[in-house]
Amino acid sequence: MAPQDFSVVIATLNEAENVSRSIESAFRCNAGEVIVVDGGSGDSTVAIAKRSGAKVITSERGRGMQLRRGAERARGRMLLFLHADNWLDRECLTTACRLYDIQPDRDGFWGGFRQRIEADGMAYRMLEVGNAMRIRLRGIPFGDQAIFVQRSLYDIVGGVQPLPLMEDVVLAQCLRRHRWPTLVDATVHVDPRRWQRCGVIRQTVRNWGIQTAHCLGISEGRLSQWYR
């Protein structure tokens, strides 16, 4: 496995300020291709993505649908789903490939990366530790941990579902039934805007509430309305 075997898929909606950084980080990692799936941006997101070297397609709005469409167009043996306001350290794909090469069983390799939330404060460092533990203990990486998955396993579980919310959790739950995820010791950088807008405690409690409601069977459509 080599970094060139990775197809990086990015869903966008009015991400003109962030998308070039995300795309360029994937190319610095030597990804084989970057696919931006736009959900109808009203700003210059599409033009910037094209200038940055990404393949750009359009889709019905909704991250689940957009990521699914991007995966359908991807050619790589590995898929990596990167949020538009996240960016990869240069060694991310190399480190993932190194871990893949030492696996006794390479079928169905998948997982996520350690985070660095780009803000100062102990609360953010605690979030980073907790999110890494979620992969190790619960086997559930979230989308802002840059979920990657071997294409063969992705196809077996039916891919990203076209959901309005929780598409990353649903995908991780399906993948976990086949194999436990790998936490890659390389960094995906995360824009702190969600926590800064709502507050760290409020945003964290909000996320826990959404996850609990999802576990109790509340539909993704209703959860999406609550989240917004």
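The values are calculated or read from the model by the stated rules, or taken from the named source; none is laboratory data. Keep in mind the model is a prediction, meaning the values are calculated, not measured. For neighbour counting, all protein chains shown are included, and Cβ atoms are generated from backbone atoms with ideal geometry for every residue, glycine included. Areas reflect the complete protein model, heavy atoms only, side chains present, ligands, DNA and RNA absent. Shrake-Rupley method; radii C 1.70, N 1.55, O 1.52, S 1.80 Å.
Measure off, as a whole percent, the carbon and sulfur share of the 1.4 Å-probe accessible area of the stretch 35-173, all protein chains present.
With neighbouring chains kept in place, the figure for the stretch 35-173 is 51 percent.
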Task: Assigned charges on the beta-carbon of Lys, Arg, Asp, Glu; the chain dipole about Cα centre (debye) - done: 380
TODO: Report, in debye and to the nearest 20, how large the dipole of the stretch 1-45 comes out about its Cα centre when Lys and Arg carry +1 and Asp and Glu carry -1 on their Cβ.
DONE: 140
Task: Solvent accessible area, Å² - Asp89, 1.4 Å probe, full protein context - done: 40
- [ ] Pop out the ³J(HN,Hα) list for the stretch 82-97 in order, Karplus 6.51 cos²θ - 1.76 cosθ + 1.60 with θ = phi - 60°, rounded to Hz; leave Gly and Pro as x.
- [x] 10, 5, 5, 9, 10, 8, 9, 5, 4, 8, 4, 6, 4, 5, 4, 5
Task: Sum of side-chain charges, His178 neighbourhood, beta-carbon under 14 Å (Lys, Arg +1; Asp, Glu -1) - done: +2
TODO: Can you pull the one-decimal nm distance between simple spin-label points at Arg61 and Arg125, each 7 Å off the Cα toward Cβ?
DONE: 4.0
Task: Selected from Met78, Met126, Met65 as most flexible by GNM, with the chain as the system and alpha-carbon contacts under 10 Å - done: Met126
Open item on the list: Can you find, among Gly139, Gln196, Ser7, the residue sitting farthest towards the positive end of the charge dipole of the chain, where Lys and Arg contribute +1 and Asp and Glu -1 at Cβ?
Closed with: Gly139
Open item on the list: Which of Ala186, Ala47, Ala26 ends up with the largest GNM mean-square fluctuation for the chain, with Cα atoms connected below 10 Å?
Closed with: Ala47
- [ ] Name the most mobile residue of Trp195, Trp110, Trp180, meaning the one with the largest mean-square fluctuation, in a Gaussian network model of the chain with Cα contacts below 10 Å.
- [x] Trp195
TODO: Determine the distance separating the Cα centre of the stretch 63-126 from the Cα centre of the stretch 14-48; give it in Å without decimals.
DONE: 15
Open item on the list: Going by amide H atoms built from the backbone, whose H comes under 5 Å of the H on His83, apart from near neighbours?
Closed with: Ala146
Open item on the list: If packing is taken as the average count of other Cβ atoms within 10 Å, what order do 169-178, 145-154 fall into, highest mean first?
Closed with: 145-154, 169-178
Open item on the list: Could you tell me which residue out of Ala54, Val34, Ala71 lies farthest along the dipole of the stretch 34-138 toward its positive end? Charges go on the beta carbon: Lys and Arg +1, Asp and Glu -1, centred on the Cα centre.
Closed with: Ala71
- [ ] Let me know the charge dipole size of the stretch 74-174 about its Cα centre in debye, to the nearest 20, where only the beta-carbon of Lys, Arg (+1) and Asp, Glu (-1) is charged.
- [x] 240
Task: Ellipticity estimate at 222 nm from DSSP helix runs (n ≥ 4, -39,500 (n - 2.57)) divided over the chain, nearest 500 - done: -12000 deg cm²/dmol
TODO: Excluding Leu153 itself, calculate the net charge of residues whose Cβ lies under 10 Å from the Cβ of Leu153, where each Lys or Arg counts +1 and each Asp or Glu counts -1.
DONE: 0
